[in-house]
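Student: Sharing a structure with you now.
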Amino acid sequence: HLPEAIIMGQAVARWGKLDDPSTREAAMIALAATQEANDTQWGIEDHVGELTMMQSTAEIIAARWPKDDQLDLIWMNLGFLYEAYNLPAQAVEIYGRLPAKSKQYADAQIASGMAVWQMARRRAINETTSAKNDSLQQAQQMLKRGLRAAEKSEAPLDERILEVRLALAQIALLENQPEEAKDLLTANEKPIID
């Protein structure tokens, strides 16, 4: 009875008393039901009803409980699901909802940048050069923001930082900036290669 749980949970979340804990619980039940429906049903290309309903539920939660500590994780999960359905533009829009003060901000910027980078690489050959450059610049900006945020921590070089630096190096090479590509791989506190 997932559709009923989604609809009823959303209705209670939307119109229930804000200070009643069961109102927020209904929102979380609706969100879980959409996740379950998404996990157990095949997606139809260009029709992601489960994800649309999940986004609608997340938007209700964001509107009614804007300071909920789970909200950023809800957005990240939804963004990952849009990517899994090969809808990177929707994923980028969702990742963009995370504020800069969020613990997941670096992950969101990196995921956005990688999604835009993937879209730029898949562009048709006959696309104009300026459109390709715009896509590359957008990906580069997002990836750099995410890299700066991720590297603020004292953590050692990890796989996602490696992927971001390699993507940025590839973008730099495509834009005829070999020195910048070299610097991304060698000239920093955590070099990838020597």
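Student: Show 105, 82 ordered by accessible area, largest first, where the area counts protein heavy atoms only and the probe is 1.4 Å. It would help to have the intermediate numbers written out before the result.
Tutor: Details: 105 40, 82 10 Å².
Ranking 105, 82 by accessible area, largest first, yields 105, 82.
Student: Got a number for the accessible area of residue 92? Probe 1.4 Å, square angstrom, nearest 10.
Tutor: The accessible area comes out at roughly 20 Å².
Student: Kindly rank 22-35, 172-185 from highest to lowest mean number of other beta carbons found within 10 Å of each residue.
Tutor: Working: 22-35: 20.1, 172-185: 15.1.
Descending packing order for the listed peptides: 22-35, 172-185.
Student: State the extension gain, in nm to one decimal, for the chain segment bounded by residue 69 and residue 89, taking 0.36 nm per residue of separation less the distance between their alpha-carbons.
Tutor: Details: separation 20, 0.36 × 20 = 7.20 nm, distance 2.54 nm.
Separation in residues times 0.36 nm, less the Cα-Cα distance, equals 4.7 nm.
Student: Here are some pairs, 101/182; 144/182; 17/67; 67/152; which of them have Cα atoms lying more than 26 Å apart in this structure?
Tutor: 101/182
Student: Which value in nm describes the separation of the simple spin-label points at residue 133 and residue 59, placed 7 Å from the Cα toward the beta carbon?
Tutor: 3.6
Student: Let me ask something else about it. Could you run the Karplus curve 6.51 cos²θ - 1.76 cosθ + 1.60 with θ = phi - 60° over segment 91-102 and give me ³J(HN,Hα) per residue in whole Hz, x for Gly and Pro?
Tutor: Going residue by residue, I get 4, 4, 4, 5, 4, x, 7, 7, x, 4, 7, 5 Hz, with x marking Gly and Pro.
Student: Also, quick follow-up: Rounded, prolate or oblate for segment 1-123? Axes are the square roots of the Cα gyration tensor eigenvalues, ordered a ≥ b ≥ c, and the cut-off for rounded is a/c under 1.5.
Tutor: Oblate shape, in that a/c is at least 1.5 and b/c is the bigger or equal ratio.
The values are calculated or read from the model by the stated rules, or taken from the named source; none is laboratory data. Just so it is clear, the structure is predicted and the values come from calculations on it, not from any experiment. Ideal geometry is used to build each Cβ from the backbone, glycine not excepted, and the neighbour counts take in all protein chains shown. Keep in mind that these areas ignore ligands, DNA and RNA; they rest on the heavy atoms of the full protein, side chains included. Shrake-Rupley method; radii C 1.70, N 1.55, O 1.52, S 1.80 Å.
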